[in-house]
Amino acid sequence: MHFESSHSHPRVIGSHWSPLEEGYVKFNTDGVVFSSRACVSVGGVVRDADGLWQCGFSMSIGKGTTF
């Protein structure tokens, strides 16, 4: 799911798995900053050509900002 927002009309845009060629994997990552505490966290997931979860991670990487 992907969120897209303007000042007056937020909306949700659906997303879907795009199959890969056999032998390839897809590695997706994301990160977040909790602004009230300046705490930065990251995570990721690896999926195979069938879309099956292979491995993933999440971790706090300390203090920081979006810049």
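Quick notes on this one:
- Of the strands (runs of 3 or more DSSP E) lying entirely inside the chain, the ones with 1 or more residues being among the aliphatic types (A, V, I, L, M) and modelled with pLDDT of 75 or more are found at 26-34, 39-47, 53-63.
- Tally, over the stretch 13-28, of residues that are β-branched (Val, Ile, Thr) and either surrounded by fewer than 10 Cβ atoms within 10 Å (Cβ to Cβ) or more than 23 Å from residue 58 (Cβ to Cβ) (or both): 1
The values are calculated or read from the model by the stated rules, or taken from the named source; none is laboratory data. All of these numbers come straight from a predicted model, not from anything done at the bench. We place every Cβ from the backbone using ideal geometry, glycine too, and count neighbours over all the protein chains shown.
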